[in-house]
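Structure first, commentary second.
The values are calculated or read from the model by the stated rules, or taken from the named source; none is laboratory data. All of these numbers come straight from a predicted model, not from anything done at the bench. Positions of Cβ are generated from backbone atoms using ideal geometry, with glycine treated the same way; all protein chains shown enter the neighbour counts. To get the accessible areas, we keep the full protein, side chains included, count just its heavy atoms, and leave off ligands, DNA and RNA. Shrake-Rupley method; radii C 1.70, N 1.55, O 1.52, S 1.80 Å.
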Amino acid sequence: MKRLALAALFSTLSLSACAQTDSSAQSGGTDAKSSAKTQADAVKIAAPVIVAGTPEARVRDVLTKLNPGVGIDRIGPAPFPGFREVVTSGQVLYVSDDGKYLFQGGLLDIAKRRNLSEDAMAKVRSEVLKTIPVSDRIVFSPVGKPKHTVVVLTDIECGYCRKFHSEIAEYTKRGIEVEYMAFPRAGIGSSDYNKMVAVWCADDRRKAMTDAKDDRKVPMKNCTNPVTMQYAAGQRMGLTGTPMILTPEGEMLGGYLPPQALEQRLEKLDADRVTSKDS
């Protein structure tokens, strides 16, 4: 998946401006735009409390001057002195406390071999995921209690999304529960988007998902659906490609992973959590 360009931060387009149509009114008129904006705006997490006169306030003011519409999801001390760490528009930035310098990129802790920027994004993703009810996701569950759960932002058309879904029985056989969220890569109002609306509006969403990914036509229905909201959530979480596999805690596992590889990644995460608690 491509990293978002820093220039995206300076765009005057808000996240909700990317969502300009909705299944309730495919014509793209005013009502459709208003409905889509309402869904996108519903992806809300608690705004950080910023006290006047603090480095956080100075950094916020600098970013606001660069882009008056910027939304800050998290801001606090960076893991190194003299800078604030900021999560905004699905990316992590580091801004000097005096507001003079800004850079974007993965910050690595060499000793711990951890991507600290990814840790910051994971916290935001976790909060965003909490805004999307499980009832709005399409869930494929194993028999019995799941050993692991993943959230997969998926697209009807993308090849690796289809490959992942073609192996859904093997994932669930290994005890992995898959919770799908929609991310139509072609954007709101596209043919891809309409297909995803049809899936989410189907009486049997799981069958419709399988049919759509196998190029079988899914009858189009109009209904109240979460596709626009989930698309907005994906952007908020820094997604630029599909599939995007996440843990419920917001940790990104990557794009497509074969069943055995995904199981191994999840087991390693569980083991690492136990080690972290014991240390």
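Quick notes
- Pairs of Lys residues in region 88-176 that lie 8 or more places apart, or on two chains, and have C-alpha atoms under 20 angstrom apart add up to 4.
- Our coupling estimate for region 208-225, obtained by passing each phi through the Karplus curve with A = 6.51, B = -1.76, C = 1.60 and θ = phi - 60°, is 4, 4, 5, 4, 4, 6, 9, 6, 9, 5, 10, x, 7, 10, 9, 7, 6, 9 Hz, Gly and Pro reported as x.
- Region 58-202 shape via C-alpha gyration tensor axes, a/c threshold 1.5: prolate
- Modelled label positions at ARG114 and SER190, each set 7 Å beyond Cα in the direction of Cβ, lie 3.6 nm from each other.
- Taking the average, over residues, of other Cβ atoms within 10 Å as the packing measure, peptides 228-234, 69-75, 240-246 rank 228-234, 240-246, 69-75 from highest down.
- Three-way shape label, region 82-129, alpha-carbon gyration tensor, a/c 1.5: oblate
- Relative counts (whole %) of C-alpha pair distances in region 187-279, using bins that are 10 Å wide: 14, 34, 32, 15, 6, 0
- Per residue, region 169-279 exposes 45 Å² of solvent-accessible protein surface, assessed with a 1.4 angstrom probe and all protein chains in place.
- Residues in region 136-159 reached by a label modelled at LYS207 [backbone nitrogen below 11 Å; 7 Å Cα→Cβ]: none
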